[in-house]
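To start, the structure under review is shown below, and the notes come after it.
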Amino acid sequence: MSLNTVAKAGAPGRAPAGRRASRLGRSNPDGIWPVVFVLPLFLGVAVFYLFPIIQTAYFSFTTWGVFGGSTFTGLENYSKLATDPQVGRALLNTLIYTVVVLAGVPIAVGLASLVNRPGLRFSKTYRTMFFLPYVAMPVAISMVWRMIYNGDFGVLNYFLSLFGILGPHWVSTDGLALISVALLGLWISIGFNMIILSAGLKGIPVELYEAASIDGASRFRQFRQITVPLLTPSIFFVMVITIINGFQLFDLLYTLLGTTNPAMARSQSLVYLFYNESFIQNDKGYGAAIAILVLVLVGIFTAVQFRFQRRWVNYV
């Protein structure tokens with residue numbers, strides 16, 4: 001074979017130059033239309049998410065006057081953040097609230113398994129009833145529970161009085177106020193968790209339960225060795241969402257306790273502290289530093305969860 005023939009044929013495994021050029025010309029047959037359709041989404045994310053984060057990060061290095069106007073002060077706000085006892089108390093309250101609400105995840109797993117049992121009548125009605133608190137307005141729910149928690153004529157204390165127990169002032173007592181808010185958050189989150197976990201249960205093959213029944217496995221053993229392991233992806237998802245929502249605690253706390261509540265100072269969350277410093281004390285620079293702290297903590301907790309989910313989440 002001559003050298004000219006080899007040159008025309010090209011190297012082994014490679015297309016001729018003319019064919020490669022035609023492929024490059026057809027590599028993007030849609031042109032710029034995909035970019036055109038995706039660009040509005042990117043613009044929305046940039047304007048309503050990325051730009052506020054960047055602006056807040058800049059504000060955290062400034063100090064604002066009473067009548068507006070900012071002065072760049074470097075790390076002064078972060079230095080104050082590290083020594084402010086209110087921040088430590090607010091962080092502890094936020095963590096306590098998040099841990100209590102996380103306790104609703106195993107409760108939701110059990111309820112979802114009960115509601116999705118084969119042959120159960122009115123299962124859709126049960127799921128709807130559990131999900132209603134999640135779709136209702138948090139302010140409206142808080143107002144209703146504020147009456148339930150009322151220390152003088154609340155339903156909860158009336159129920160306790162039937163057993164001879166004198167109920168406390170739930171939302172105005174240090175310690176009890178935060179727990180009352182956390183229990184309300186747990187009650188609201190169960191409905192959302194149940195819907196997600198119910199969808200996960202639908203993906204578990206029925207044949208596994210049939211084979212386990214033939215082998216003599218009890219319902220509890222099937223739940224422990226089949227349902228829970230195969231449901232771990234959904235459990236992981238609701239745990240991530242629950243922790244993120246826990247660090248965003250504000251509306252339930254604000255409406256259930258109120259700004260004039262004597263227990264608010266020892267029950268406030270990080271987001272409420274951000275609101276108080278930014279809009280009540282008018283210290284927007286320090287409030288921005290608190291907001292960045294919340295963002296960093298949420299990022300750290302989320303990254304840790306994704307790092308360790310490989311050890312216990314089973315993807316089939």
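A short reminder: the numbers here are calculations on the coordinates, not readings from a lab. Quantities reported herein were computed from a predicted structural model and do not represent experimental measurements. Cβ placement follows ideal geometry from the backbone for every residue including glycine, while neighbour counts extend to all protein chains displayed.
Inter-part distance, segment 171-197 to segment 88-165, computed on C-alpha centroids, equals 6 Å.
By per-residue mean of other Cβ atoms within 10 Å, what is the highest-first order of 263-275, 156-168?
Ranked from most to least packed, the peptides come out as 263-275, 156-168.
Each peptide among 90-101, 225-236, 176-187, 66-77 gets the average number of other Cβ atoms lying within 10 Å of its residues, and from highest to lowest they stand as 176-187, 90-101, 225-236, 66-77.
What is the local net charge at Q268, summed over the other residues whose Cβ is closer than 14 Å to its Cβ (Lys, Arg +1; Asp, Glu -1)?
Overall, the nearby charge balance is -2.
Each residue of segment 104-116 was assigned a 3J(HN,Hα) from its phi angle through the Karplus expression (A = 6.51, B = -1.76, C = 1.60, θ = phi - 60°), giving x, 5, x, 5, 5, 4, x, 5, 5, 5, 5, 5, 9 Hz with x at Gly and Pro.
Normalised by the residues of the chain, what does the relative contact order come to in percent, with Cα pairs under 8 Å and at least six apart? Can you show the working numbers first?
Values: 318 pairs, mean separation 81.7, N = 316.
That works out to 26 percent.
Using helices alone, what [θ] at 222 nm do you get for the chain, with -39,500 (n - 2.57) per DSSP H run of 4 or more residues, divided over all residues and rounded to the nearest 500?
Details: 17 runs with 205 residues, N = 316.
Result for the chain, helices only: -20000 deg cm²/dmol.
Projecting the Cα atoms of L256, G69, P52 onto the charge dipole of the chain (Cβ charges, centred on the Cα centre) puts P52 farthest toward the positive pole.
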